[in-house]
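Have a look at the structure below before the remarks.
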Amino acid sequence: MRFYFFIIFRRCVFINKELQVNEEIRDKEVRLIDQDGKQIGIMSAKEAYKIAQERHLDLVKIAPQANPPVCKLMDFGKYRYELSKREKEAKKKQKIINVKEIRMSPTIEDHDFGVKLKSAIKFLKEGNKVKVTIRFRGREAAHTSLAEDLLKRFANELSEYGVIEKAPNIEGRNLMMVLTPKS
């Protein structure tokens, strides 16, 4: 029987470092709560641990900042399992938004512009953000107004699919703008 509790104790210690479990609880007095949520009372930590052993449960400190600290009788392995299931459910419901980048030069031709536009529409329909970057090479950096007009034209073409999140701004040798899909 002792060996059984030792295994539970060892398993619980390594699973969660934030919560103190079983023999890790060093407080003199604790407020004990039953696994059904009923309050048993204030007692020493050793007595509470003995009660947990008798009921084949773990003693878990759930509110260390309280005076006296609150401990609860529970199956800690089952608690961790349910917690991990809840976290997985939350991840499933979470929508991941990626940022797709489209690169152009200020001297892009109309057909190439159309191809980039179609790919941006596809990205916005999928629910991704689109980062449009215009790269300047050599003397092209002197004509930033042409590139700004190009980005404005790009944003106007995409106005029914997305809106501008970040207006065009120059960072180094690049001019960037970020578009987000319409809700």
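The values are calculated or read from the model by the stated rules, or taken from the named source; none is laboratory data. All values derive from a computational prediction rather than experimental measurement. For neighbour counting, all protein chains shown are included, and Cβ atoms are generated from backbone atoms with ideal geometry for every residue, glycine included. These area figures cover heavy atoms from the full protein model, side chains too; ligands, DNA and RNA do not enter into them. Shrake-Rupley method; radii C 1.70, N 1.55, O 1.52, S 1.80 Å.
Which whole-number value in Å³ per residue fits the convex hull of the alpha carbons of the range 97-179? Before the final figure, lay out each step's value.
Working: hull volume 6.6 nm³, N = 83.
Each residue corresponds to 80 Å³ of Cα convex hull volume.
Students often forget the sequence filter, so: which aspartates and glutamates lie under 19 Å Cα-Cα from Lys72 once same-chain residues fewer than 8 apart are removed?
Reachable aspartates and glutamates: Glu18, Glu23, Glu24, Asp27, Glu29, Asp34, Asp36, Glu47, Glu54, Asp58, Glu82.
Carbon and sulfur together cover what percent of the accessible area of the range 97-179 at a 1.4 Å probe radius? Don't jump to the answer; show the numbers that get you there.
Details: 2380 of 5050 Å².
C and S atoms contribute 47 percent here.
Give me the 1.4 Å probe accessible area per residue for the chain, excluding ligands and nucleic acids, in Å². Let's see the in-between values first.
Working: 12400 Å² over 183 residues.
Spelled out: the 1.4 Å probe surface of the chain, per residue, equals 68 Å².
Counting Lys and Arg as +1 and Asp and Glu as -1, each charge on the Cβ, what is the dipole of the chain about the Cα centre in debye, to the nearest 20?
360 debye
Assuming 0.36 nm per residue, please report the length gained on full extension of the stretch Thr107 to Lys122 beyond their Cα-Cα distance.
Values: separation 15, 0.36 × 15 = 5.40 nm, distance 2.33 nm.
Length gained, Thr107 through Lys122: 3.1 nm.
Once R0 is set to 30 Å, what does the formula 1/(1 + (r/R0)^6) return for the Cβ-Cβ distance between Ala66 and Lys92, expressed as a FRET efficiency to the nearest 0.05?
Numbers: r = 34 Å, r/R0 = 1.14.
Here the calculated transfer efficiency is 0.30.
Which is farthest toward the positive dipole end of the chain among Gly138, Asn174, Pro69, measuring Cα position about the Cα centre, with Cβ charges +1 (Lys, Arg) and -1 (Asp, Glu)?
Among Gly138, Asn174, Pro69, the one farthest towards the positive end of the dipole of the chain is Pro69.
Take the cross-link list Lys122/Lys152; Lys85/Lys129; Lys92/Lys131 and give me the ones stretching past 23 Å between alpha-carbons. List each step's numbers first, then the result.
Details: Lys122/Lys152 19 Å; Lys85/Lys129 30 Å; Lys92/Lys131 26 Å.
Cα-Cα > 23 Å for Lys85/Lys129; Lys92/Lys131; rest within.
Once neighbouring chains are kept in place and the probe is 1.4 Å, which whole percent of the accessible area of the range 20-89 is contributed by carbon and sulfur?
Working: 1990 of 4440 Å².
Exposed carbon and sulfur together represent 45 percent of the surface.
Tell me the accessible surface of Thr144 in square angstrom (1.4 angstrom probe, heavy atoms of protein chains only), to the nearest ten.
Here the residue's solvent-accessible area equals roughly 40 Å².
Mind listing which trypsin sites (Lys or Arg not before Pro) in the range 108-164 are in a DSSP loop and have 11 or fewer other Cβ atoms within 10 Å? Working shown, then result.
Working: sites: Lys116, Lys118, Lys122, Lys125, Lys129, Lys131, Arg135, Arg137, Arg139, Lys152, Arg153; in loops: Arg137.
Passing sites in the range 108-164 are Arg137.
With +1 on the Cβ of every Lys and Arg and -1 on the Cβ of every Asp and Glu, and nothing else charged, how large is the dipole of the range 20-79 about its Cα centre, in debye rounded to the nearest 20? Please report the intermediate quantities before stating the final value.
Values: 10 positive and 10 negative charges, 21 e Å.
I would put it at about 100 debye.
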